[in-house]
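Enquirer: This is the structure, below, for whatever I ask next.
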Amino acid sequence: MVRRWMPGICLLALLVSGHSLSAAELALKVDVKEVQHGKLFRAILSTDQQQRALALADLSSLEERFVIHRLGDISTQGGGQQRSLWLIPREAGRQTIPAVMLGRMRSQALSLDVAKAIDDKTGEPIQIQFDVDTTSPVWPRQQLLYRVQLQSDDPYVDLEVERLRNKDLRVYEMAQQTDRNETSDGPMYRHTAGWAIFAPGPGQYAVELPEIRYGREGIVSHRFFAEPIELQVQALPGYLSANLPVGEIKLDSDIGAMSLAVTSNLQVYQLRLTARGVPKIWLPDYLSGLGNNTALNPYQLDVQTVQGMDRDGVFTEQRIRLPLSFRQSGWHFLGPLDLRYLNPGTRKLEGSKRQLRLPIALHPWQMTLSALILLLLAMLLARWNLRLFV
């Protein structure tokens, strides 16, 4: 008798099972009607079955308009599952939270009003601006600046950028800098932060900029995100050296070309080399040409190299203390120093091979004779002037 009804029982079980699977639902809910641009809000992803884990849900559809900041733990309730998603809107305005997929299950899309970002303390709008370097084409080792700027009447706001991690690029973070400007309505403050990005060689690079944090007294209230960037970097022209600096190079010195120096006496000169848009790692060895003059007796150079960052990007500065003495009398030169560079602003090869003109070197007896001659001339000139007034 049982065998007689067994096929029917199995069929009924399959029908019931199929109905329960088809009735399984995936839901995405938001417990607020309006959120702010840059502020976290919670969405709850849930399903009424446990056969497929929520950890397998495809959340990629959310990433176009929202940043998934954090995923909560998966909990089981009443035979179902639930997970909290902490999201950040990328833009203000009417936004759609797209459907999420889990196997064949699909949640419904939701509409959400995203208000403009407002400072929690002052109630004033937070107006973040992105200043992106659009120079094209881009050369290898050329600095590209991506700055985040905020105009405010409050000097005490925090504007920080996350470290940009990209193994194919060399990136330097720009810490917050604040400038005060006087206006007819009172002082205004420009807060600036960002990144200086360098591509080491030709090719195409995808740059995903990390979050920008806004807050006060070390507490972050808003997080903002810039659009991804594609860099197309072309090779330097074949007639240029592959190690040619891309930036601006300037050399200053305290050497007085029209002054005098005594041979065999130790002279100490100060040089300062400034490289704008050139990191220390790519700064050529300009000092190798300082000891090419056999008429000079150079001593050990004292070189202090410092790399820094300001609102105009990376700069490298070398302070050079050059002690030397003259072996021969005459007019001598240091160098030549190859100070040529590719200026990304003008897109031209600038600078030159430069020689530093040194003071006129005299032997001690020449210096004494010159002093006597000058003294004699001064006496004759004084006597001549005296006759004119007598």
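The values are calculated or read from the model by the stated rules, or taken from the named source; none is laboratory data. These numbers were taken from a predicted model, which means no experiment stands behind them. Using ideal geometry, Cβ is built from the backbone for each residue, glycine included, and neighbour counts are taken over all protein chains shown. Quick note on the areas: whole protein, heavy atoms, side chains included, nothing else; ligands and nucleic acids left out. Shrake-Rupley method; radii C 1.70, N 1.55, O 1.52, S 1.80 Å.
Enquirer: Report every pair of residues separated by at least 6 positions or lying on different chains whose Cβ atoms are under 7 Å apart, first residue within region 238-252 and at pLDDT 90 or above, second of a type in the set (Val, Ile, Thr).
Expert: Between residues of region 238-252 that are at pLDDT 90 or above and residues that are of a type in the set (Val, Ile, Thr), the close pairs are Pro245/Val278; Gly247/Val278; Lys250/Thr274.
Enquirer: Now, a different point. Tally up the residues in region 102-119 that are open to solvent by 20 Å² or more (accessible area, probe 1.4 Å), modelled with pLDDT of 90 or more and in a loop (DSSP other than H, G, I, E, B), please.
Expert: 3
Enquirer: May I pose another question? Quick one: Val306 ticks every box in (1) modelled with pLDDT of 80 or more; (2) farther than 30 Å from Phe198 by Cβ; (3) among the aliphatic types (A, V, I, L, M); (4) open to solvent by 80 Å² or more (accessible area, probe 1.4 Å) except a single one, so which number is it?
Expert: (2)
Enquirer: Where in region 309-390 are there strands (runs of 3 or more DSSP E), lying fully within it, with 3 or more residues that are in contact (Cβ under 8 Å) with a residue 40 or more places away in the chain? Please lay out each step first, then the result.
Expert: Numbers: elements: 313-326, 330-338, 341-343, 348-350, 353-362.
By residue number, 313-326, 330-338, 341-343, 353-362.
Enquirer: Just to be sure, is Leu362 at pLDDT 75 or above and under 29 Å from Leu266 (Cα atoms)? First the steps, then the outcome.
Expert: Values: at pLDDT 75 or above: yes; under 29 Å from Leu266 (Cα atoms): yes.
So Leu362 fits the description; yes.
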